[in-house]
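Below: one structure, written as structure tokens.
Readers should treat all values here as calculations from the given coordinates under stated rules, not as data from a laboratory. Since the model is a prediction, treat every value here as computed from it, not as a measurement. Positions of Cβ are generated from backbone atoms using ideal geometry, with glycine treated the same way; all protein chains shown enter the neighbour counts.
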Amino acid sequence: MKIDPPDYIKKLKPYVAGKPIEELEREYGVKNAVKLASNENPIGASPLAIKACQKSLLKINRYPDSSGHDLINKISLKFNIDKRSIVLGNGSDDIIALLCKAYVRPDDRVIIPDPGFLMYEISSMSEGADIVKVPLDKIDIDIDAMAKAADDKTSLIFITNPNNPTGSFISKKRLKEFMDKISKKVIVAVDEAYMEFANDYFCSWELIDQYPNLVTMRTFSKAYGLAGLRIGYGVMNPDVAEILNRVRQPFNTSLPAQDGACAALDDDEFLVKVQSLVIKEKEYLKNSLDELGFKAFDTSANFILIDLKRSADEIFEKLLYKGVITRSMSSYGFPNYLRLSIGLVDENRLFIKSLKGVAGL
Ligand SMILES: *Cc1c(COP(=O)(O)O)cnc(C)c1O
């Protein structure tokens, strides 16, 4: 028996994740592989967060707090946000999915940057949306073109700031100018997964009083080093939050995730350590790549987009044999570009040395 899902589900393409280290070591027979592919935190997680997670394991026979009281309280105090504006998610991927579930009807239009984060497309298409892909302007999200693309059928627009996979940045002023052009009936979701790494750091949630249709998304997966725990949040108008809380699963965030994230917010020292490493190593990588004759684009995130001026798929594959996992951008429509997550000091040197070797320099 074959049961068919709706056509829009059949059209979905599966998410392609970065290669796990264990898979590479198994398939390529290399040891001590280095993963610089998924923009994870190379340092690890805050020791305070790990301790809090461990402690929470003693209580995992109970359901987690469905209201996420402690974590919401902590976020609210730390960033001075109304508690009613915060929705917790099983990663910020969950907030993306909740927005689509709550606000996107079949045949609505959802506007996304192209290339961009795959989850916008997958979650929107899962609700039967028509995807409108707005090409980047070189490496920048073309918010002017996105504003022009918005029409009566549009229910949702996704913006990534800093952008993945390019690392480009939209200033607060530019974001406001954009919001002024968008109907208040259209939700604008600003994905700030990498904001902690930005030079011109700002919190777009400061604008939600002025723009009740703006939703900020943040995650603990990157700067806080908790990708495996699955925890993120959205900040939005309390009316929107109330709707998302109706459609979310009551226990979408686990007990260790809630407790770990709480403790992570207390560990400013760890966050600063992570940020300093990224700033320092960004310089090293940029200079080394320049010397080798490659173009490294300026980045506001913890990864670098590199123009290799030759097939990125080939270099990616050859780097695998050296035990270095990166991300070829060919499937994003950039056949010569590689995205490199900034790693530990030794990992970055290994990358440069390996790249030099496989590129025959
Ligand atoms: C990594 C990343 C996220 C984080 O997703 P989580 O579900 O919170 O792990 C969100 N958006 C973008 C663009 C990312 O690159």
Relative contact order (percent, whole number), the chain, Cα cutoff 8 Å, 6+ residue spacing: 24
Cα gyration tensor shape for the stretch 1-102, rounded if a/c is under 1.5, else prolate or oblate: oblate
Prolate/oblate/rounded label for the stretch 162-309 (Cα gyration tensor, a/c 1.5): oblate
GNM result for the chain, Cα springs below 10 Å: residue of Val272, Val324, Val215 fluctuating most strongly: Val272
Candidates Phe294, Phe158, Phe303, ranked by Gaussian network fluctuation over the chain, Cα under 10 Å, top entry: Phe294
Estimated 222 nm signal from helices in the chain, with DSSP H stretches of n ≥ 4 weighted -39500 (n - 2.57), rounded to 500: -12000 deg cm²/dmol
Potential extension, Glu25-Lys309 segment - 0.36 nm per residue separation minus Cα distance: 99.4 nm
Lys295 long-range amide H proximity, modeled H, under 5 Å: Asp307
Label-point separation in nm, Asn199 to Leu58, each point 7 Å along Cα→Cβ: 4.7
Exposure proxy order (Cβ contacts within 10 Å, fewest to most) of Met146, Met125: Met125, Met146
DSSP bridge orientation in the chain - percent antiparallel, rounded to nearest 5: 45
Integer Hz, Karplus 6.51/-1.76/1.60 couplings in order for the stretch 345-351, x for Gly and Pro: 3, 5, 5, 5, 5, 4, 4
R0 of 30 Å, Cβ-Cβ distance Asn80-Phe297: FRET efficiency to nearest 0.05: 0.35
